[in-house]
Structure formats: C-alpha cells, structure tokens
1. Cβ-Cβ below 7 Å, separation at least six or inter-chain, first residue in region A:34-46 and touching a residue at least 24 places away in the same chain (Cβ under 8 Å), second not in a helix (DSSP H, G or I): which pairs?
2. Do any strands (runs of 3 or more DSSP E) entirely within region B:173-249 hold 3 or more residues that are more than 13 Å from chain A (Cβ to nearest Cβ) and at negative phi, and if so, which?
3. Identify, from the list B:Ser270, B:Ser289, the residue that is under 21 Å from B:Thr148 (Cα atoms), surrounded by 15 or more Cβ atoms within 10 Å (Cβ to Cβ), of a type outside the set (D, E, K, R) and in contact with a strand residue (DSSP E or B) (Cβ under 9 Å, 6 or more places away or on another chain).
4. Search region B:135-150 for residues being closer than 15 Å to B:Ala125 by Cα and in contact with an Asp or Glu (Cβ under 6 Å, 6 or more places away or on another chain), and hand back the single one that is surrounded by the fewest Cβ atoms within 10 Å (Cβ to Cβ).
5. Between A:Val62, A:Val67, which is under 11 Å from the mean Cα position of the chain (by Cα), loosely packed, with under 15 Cβ neighbours inside 10 Å and not aromatic (Phe, Trp, Tyr)?
6. Just checking: which of the helices (runs of 4 or more DSSP H) contained wholly in region A:4-77 hold 2 or more residues that are away from every other protein chain (no Cβ under 14 Å) and of a type outside the set (A, V, I, L, M)?
7. Looking at region B:43-66, which of its residues are within 18 Å of B:Asp112 (Cα to Cα) and part of a helix (DSSP H, G or I)?
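Values in this text are rule-based calculations from the coordinates and carry no lab data. Note that the coordinates shown come from a computational prediction; the quantities given were computed from them, not determined experimentally. Quick reminder, even Gly has a Cβ in these numbers, built from the backbone with ideal geometry, and neighbours come from all protein chains shown.
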Amino acid sequence: MDFEPFLKELASLFSVPPEELTENFGLDPNTNWDSLTIISMMALMDDHFEVEVSGEQLRRCVSVGDVLRLIELSKET
Amino acid sequence: MPRIRAQITAIKSHVPDLEIGNEVLAASHGKWDAETIYEKTGISVRRVSRDNECASDLGIAAAKKLFDNGDCSPGDIDFLLFCTQTPDYFLPATACLIQDRLGLRQNCGALDFNLGCSGFVYGLALAKGLIETGSATKLLLITADTYTKFLHPSDFGVRAVFGDGAAATVISGTNVDYEPIGPFVFGTDGTGAPQLIVPAGGMRMPPTQDTAKESEVEPGVFRSARNLYMNGPEIFYFTLKTVPNLVNGLLTKCGMKLDDVDYFVFHQASRLVLDHLQKKMKIPEEKFSMNLESCGNTVSSAIPMALEASLKKGSIRQGFKVMLVGFGVGYSWGAAMIQFPEKDIL
C-alpha cells in the first residue's frame, strides 16, 4: 500500500515537515491530537483509502504507525 | 387533477447581534490561530444569544420579519410548529407563548417538537401532513436554538462550531399539479444519544449541586453535567456511515439520479464535514450549499438559513428541485426533496 501521499497530508495536518512524520510520530495532546484533528484524520483516511474508522478506534492509536496498521486492517476486513 | 399541496412560500431568519470572532477564540485556545480556526470550520463569526435572549425571542424576531415583509400576516396562520432543544420552560410549550406574543389566532394549533440538526426536515414532513390532510391551510414552522448557553467557556471544540439562530418558514396549501414538498426518508438510532447530549437538567438527572461541579475532561477543557458534550469524531463516523445512504435512499424513492437534483442543502455541521461529504458523494461544488461563515452551525435552523441564503444569492432558482439533508443529535436523520414553483413566489 502506498502511504506516501497520505503521510504528506498528515504532515501538513500536524504542521510538521514531512521528514518528521514517521511511523513513530506520537499522537498525544502535545501534537494537537484533539477532536478536530481526529476528524481531519478520519476524512483523510476515507479520501485516500476509502476506509471508515470510528473515533474510538483512532483514539486508541498512539502513533502514526498504529494508524497505518488500522488502515491495513480495515482494508483486509 | 390538481389537489391541495403543501409548499414553502417564505423563509426569514434571525440571529443575535452578539458575535464571537476567531481572534477571540484563538486567544482563549492558544493552540490554533484565527486563520486555522477559519480553515477547519469555515466560520468567521458565530452569533451568541445574551443571557435574557431565548430561542423563543429569536424565533419571534424571525417570524416578525415575515409579517413586516408582507409574506403573510399573523391572522393567516392556523398552525404553529416550534422546533427547539432550548425551550423557555419545561411547561408550557414554548409554541403557546409564541402564539400569544406573535398575536396568532386562538383557533390556531401550536406545538413544540424536540429535534436538532434533523428538525427542519421533520418539521416539513409534519407540515405537509397537516396541510395535505386539510388540518391546516397556512402553517408557520419556527426553528430556533440557543446551544451556546450549554457550552462551557473552556470547551473550544464546540464553541468554535455552534452559533445561535432561528428561522421562520411559511408553508401554505397551494393548488398545483406537482409535489412541492416530499418525498422523505427518515432514520433514527438512539444508541447515538450519549455522543451529543446535555446530561443534566431533565428528569433523568435533575439539576443539583453535583451536576454543576466542573471537572477537567481534557487538558484545559472543563465541563459539568449541565454542559453540552459532543463526541465530534463519533458524530463524524455516524455521518460517514449514514449520509451517503440517506441521499441514495431518497434518490431511489424519487426515481432520480444525483445529476437530476438541481441543488443540495445539507445540515451545516462544519466546513470539514461538508467538504468531505460533497467530495465523497461527487456532488458538484456549485450545487452544494455552504452557509457557515457568518453564523456557524445553528442546529435546527442551519438548513432553512442556508435555503434562505441560497434563494437570495440566486443559487436556487425557480423550478429547482432541491434535496435537504439533516443529520445529527439523537442520532436522528432525514432527507426531503422539495421543488420550487416555476413562478417566483419567494
């Protein structure tokens, strides 16, 4: 799965340079991981991969890597 | 053979004069600047009711604009539907107070109903039922809400989105050979109730000292059980799951394709939500109403206010078939097809 274009948009969502947006990028209050950012993430996931995930599923993610695995898992099922 | 059909014949809205701009919000939030707030929400200002300014007051001001404009007079109205989630009292019904304050006839039916973002669509369905069964001839549907009274000052996420407002819509019996209002598709899923709720203040959790206690629910965000709680991501998830099916369901019921619809007025939730739905459903941007900038999400009045603005701008013209789509608190949703007359009556 090609995550590059998605990750590029995530970098701009979190207002960080693309090279900082790795799988290890943490999702917590320090990185503005609030309701509106979660909603933006849900919209981007639907745009790029046509997956619809619940807010609850996303809230359990603690890093960008978790989000990528959630996308892969949702695509499989 | 023409028969009596219900038709929207006028819409006027009213918002409080007190504004909250993005600079003020940004100063209290600290993380987002004014520009970012605008980018995410599509809102420049939300209107906020004063302490002594209730939904009834906003609704009455909207209705008076109809009377002042000569759209109808108080004596013409034989039914009043008032949609709000912020009534003046538990009892009596706010509709009864409005009947008196607007000087409507005493042989006029009046009732409140409690719905939010889907309320206008449901109100149209009730109006159609009353008019086309001969129970009413000219009906006033007032939607009005003052959600901002429920919001904790520190709860930035909801303060950024919600604004107070009201709309008054006249629905009249007319003799035409097409269907000006309808068909409809409805839906309800009460499992979504906890996702957008004011827990305290009703009979289930009466107001006590305990319900007024505030706690820090997220860093810097405080809330008591008397405040509005909205789980934005879950509401968005519900929207993604529900709205495309709702739109397709109504198209099927109408025997229409997406391209046959001249204009779409969705509940004005936020720019992020509307942009996403518009692109996801491949609705052309020029056929899609966006009316958040100067009022925010006004709950039950969002659809009629957007309708009024689209008519004023000329985005909706004579003979247009317009799809209305309401969705949110409840969860409750509904969609309606409406058709405007060939001759301009608005």
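1. Partner pairs satisfying both residue conditions: A:Met45/A:Val51; A:Met45/A:Val53.
2. Once the strands (runs of 3 or more DSSP E) in region B:173-249 are filtered for at least 3 residues that are more than 13 Å from chain A (Cβ to nearest Cβ) and at negative phi, what remains is B:181-188.
3. Numbers: B:Ser289 fails: under 21 Å from B:Thr148 (Cα atoms).
Just a single option satisfies the conditions, and that option is B:Ser270.
4. Restricting attention to region B:135-150, the residues satisfying the condition of being closer than 15 Å to B:Ala125 by Cα are B:135-143.
Subsequent filtering for residues that are in contact with an Asp or Glu (Cβ under 6 Å, 6 or more places away or on another chain) retains B:136-138.
Numbers: B:Ala136: 24, B:Thr137: 16, B:Lys138: 18.
Selected residue: B:Thr137.
5. So the residue among A:Val62, A:Val67 that is under 11 Å from the mean Cα position of the chain (by Cα), loosely packed, with under 15 Cβ neighbours inside 10 Å and not aromatic (Phe, Trp, Tyr) is A:Val62.
6. A:4-13, A:64-76
7. Scanning region B:43-66 gives B:Ala55, B:Ser56, B:Asp57, B:Leu58, B:Gly59, B:Ile60, B:Ala61, B:Ala62, B:Ala63.
Okay, residues lined up against (1) among the aromatic types (Phe, Trp, Tyr); (2) part of a loop (DSSP other than H, G, I, E, B); (3) touching a Pro at 6+ places or on another chain (Cβ under 8 Å):
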{"site": "B:Gln268", "(1), (2), (3)": "no, yes, no"}
{"site": "B:Leu277", "(1), (2), (3)": "no, no, yes"}
{"site": "B:Asn291", "(1), (2), (3)": "no, yes, no"}
{"site": "B:Ser301", "(1), (2), (3)": "no, no, no"}
{"site": "B:Met305", "(1), (2), (3)": "no, no, no"}
{"site": "B:Gln318", "(1), (2), (3)": "no, yes, yes"}
{"site": "B:Met323", "(1), (2), (3)": "no, no, no"}
